[in-house]
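Undergrad: Dumping the structure here so I can ask a few things about it.
FYI, it's all coordinate maths here, none of it is from the lab. Computed from a prediction, not measured in an experiment: that's the story for all the values here. Cβ: placed from backbone, ideal geometry, glycine included. Neighbour counts: every protein chain shown.
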Amino acid sequence: MTSIGLSAFEGCSGLTSVVIPNSVTSIGREAFWCCYNLQSITIPSSVTNIGKEAFHGCSSPTSITVEKGNICYDSRNDCNAIIETKSNKLIFGCKNTIIPNSVTSIDDYAFFSCYRLTSITIPNSVTSIGYHAFENCFGMKSVYIPNSVTNIGNGAFIYCRGLTSITCEANTPPTISLYGACFVDVNKSIPVYVPANSVAQYKVANEWKDFVNLQAISTTYALIDGESYNNNSQIEGYDISYTRNFTNTKWQALYIPFSMSYDDWKNDFDIAYINGIRQYDMNDDGAIDETIMDVIKIKHGSLIPNTPYLIRAKTTGEKTITVNNATLYKAEENSIDCRTTIAEYTFTGTYSTIPASTLIANNYYAMGDGSLVITDGTSDLKPYRWYMKIDARSPMYNVSLDAKTITINVIGDEETTGVSQLQITNDELSIYDLNGRRVNEKSLKAGFYIKNGKKVIIK
């Protein structure tokens with residue numbers, strides 16, 4: 001069998017499962033239309049064409065999978081949906097669908113009659129919602145529409161009578177056809193949250209104006225230390241707070257999704273940026289005896305969001321940092337790095353918990369008790385922090401011989417803007433071998449060395 005024809009299983013309400021063999025390349029239009037009790041769907045890698053509304057009205061699936069290797073469709077990120085790979089269009093979803101932030105549109109009838117769906121968050125990558133996309137989803141209680149959506153198709157939310165709230169962050173009300181009937185049978189007294197500066201526009205926009213309880217979206221966002229942060233869109237004009245309990249006044253890792261200026265933290269904290277790494281081989285045996293990370297306290301300017309920093313509280317206890325009318329950036333695991341001639345040090349921020357087992361397995365360093373140390377496996381790495389890994393740049397360098405504890409050195413009280421790039425700060429009066437390792441001047445062996453930026457020879 002190579003194809004499933006038009007309406008082949010239409011209305012087979014008793015069908016609960018189906019196995020499509022790898023010989024099938026095409027599934028016809030409305031092939032499984034209104035198979036109400038079909039619970040799991042697996043699309044083999046051989047399928048290259050799925051007809052319009054092939055699963056229209058299948059309200060019961062809890063699992064939707066496209067086998068790996070399919071060149072036309074996918075279920076990226078285990079999203080429980082069918083996505084057309086080339087167009088990034090979600091063509092069919094279910095109650096367990098989590099729409100990936102790479103999807104750019106939701107197809108017509110994608111969630112038609114999915115009455116078990118209770119809520120949906122549409123990511124900021126989506127620009128359009130197809131007609132009748134959520135028709136008859138009467139179990140849906142809430143829907144979130146991001147700022148990126150510019151167009152909503154006819155009947156997209158028709159008969160979603162269970163809705164108790166709608167949040168639409170689009171500054172310009174998404175376009176709905178004059179005869180679109182997008183929200184028919186939706187309670188028009190439910191709260192519809194829209195940007196504060198756009199309430200007046202929604203009050204006159206087609207269909208949006210029918211809602212009598214338009215409210216401004218709250219402009220406060222509270223970040224709690226230790227709780228994962230997974231916001232996938234950039235949000236402007238928010239009052240942001242970040243709360244963290246400081247049990248000591250030593251240096252700790254800091255990684256936050258917003259910017260703040262020196263005036264926001266100067267009374268309660270010191271914040272520093274990573275300036276470089278120095279290595280010491282005091283007895284010239286090839287092993288690193290000491291590694292020091294130089295940091296510089298920031299005295300002016302602002303922090304760069306999603307960038308690793310260090311923070312030190314001036315007193316212990318629970319503290320909250322607050323910034324007003326700020327931009328909240330989406331969650332990203334960004335990295336910065338610095339290097340010597342033999343090793344590269346990469347610092348990567350995280351907004352999710354990293355288990356201690358992962359830290360150990362990868363020989364990651366993390367801040368602990370004021371130093372940068374390889375974890376002992378007793379604790380996980382919390383969100384809003386960063387970890388460091390070391391990679392060899394020279395075949396002669398053995399990472400396993402590196403120091404297990406890296407001490408923190410604060411360089412003077414230099415004036416800085418807080419936006420400086422990483423720099424390597426080596427003491428010009430020190431002596432280094434040709435691999436970039438600092439050596440003891442009193443016990444030099446014959447060979448070539450670097451002193452004060454110049455090559456010297458010891459005979």
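Undergrad: Using a Förster distance of 22 Å, how high is the FRET efficiency between A216 and T150, based on the Cβ-Cβ distance and rounded to 0.05?
TA: So the FRET efficiency works out to roughly 0.55.
Undergrad: Then there is this: Counting DSSP beta bridges with both partners in the chain, what percentage is antiparallel, nearest 5?
TA: Working: 62 of 103 bridges.
If I count the DSSP bridges inside the chain, around 60 percent turn out antiparallel.
Undergrad: Could you calculate the FRET efficiency of R393 with I190 from 1/(1 + (r/R0)^6), where r is the beta carbon distance between them and R0 is 56 Å, rounded to 0.05?
TA: Here the calculated transfer efficiency is 0.40.
Undergrad: Further, regarding this structure: Which entries in K319/K382; K89/K209; K68/K141; K266/K389; K141/K188 show an alpha-carbon gap greater than 23 Å?
TA: K89/K209; K68/K141; K266/K389
Undergrad: Compute the length gained on full extension between T320 and T62: take 0.36 nm times their separation in residues and subtract their Cα-Cα distance, giving the result in nm to one decimal.
TA: 88.8 nm
Undergrad: Mind checking the full-extension length gain between V373 and N22? Use 0.36 nm per residue of separation minus the Cα-Cα distance, one decimal, nm. Walk me through the numbers before you get to the answer.
TA: Numbers: separation 351, 0.36 × 351 = 126.36 nm, distance 5.10 nm.
Additional length available on full extension: 121.3 nm.
Undergrad: Assuming 0.36 nm per residue, please report the length gained on full extension of the stretch T172 to T243 beyond their Cα-Cα distance.
TA: Once the chain is fully extended between T172 and T243, it gains 22.2 nm.
Undergrad: Provide the FRET efficiency to the nearest 0.05 for the S165-C12 pair, computing r from the beta carbons and using R0 = 51 Å.
TA: Efficiency computed from Cβ-Cβ geometry: 0.90.
Undergrad: While we're here: What are the ³J(HN,Hα) couplings of segment 50-58, residue after residue, when phi is run through the Karplus curve with 6.51, -1.76, 1.60 and θ = phi - 60°? Round to Hz, x for glycine and proline.
TA: Calculated HN-Hα couplings, in order: 10, x, 4, 6, 4, 10, 4, x, 7 Hz.
Undergrad: When the helices in the chain are scored as -39500 (n - 2.57) per DSSP H run of 4 or longer and the sum is shared across all residues, what 222 nm value do you end up with, to the nearest 500 deg cm²/dmol?
TA: That comes out to -500 deg cm²/dmol.
Undergrad: OK, next. In whole Å, what three semi-axes, largest first, describe the equivalent ellipsoid of segment 215-297 built from its Cα gyration tensor (square root of 5 times each eigenvalue)?
TA: 38, 15, 13
Undergrad: OK, next. When you count, for each residue, the other Cβ atoms within 10 Å and take the mean per peptide, how do 198-205, 120-127 rank with the highest first? The partial results should precede the final answer.
TA: Details: 198-205: 15.0, 120-127: 18.1.
Highest mean packing first, the order is 120-127, 198-205.
Undergrad: Still on this model: Please identify every one of the trypsin sites (Lys or Arg not before Pro) in segment 72-122 that sits in a loop by DSSP and has no more than 14 other beta carbons within 10 Å of its own beta carbon.
TA: Listed in order of number, the matching sites are K86.
Undergrad: Something else about it: Could you pull the Cα extents of the chain along its three principal axes, largest to smallest, in whole Å?
TA: 90, 56, 38
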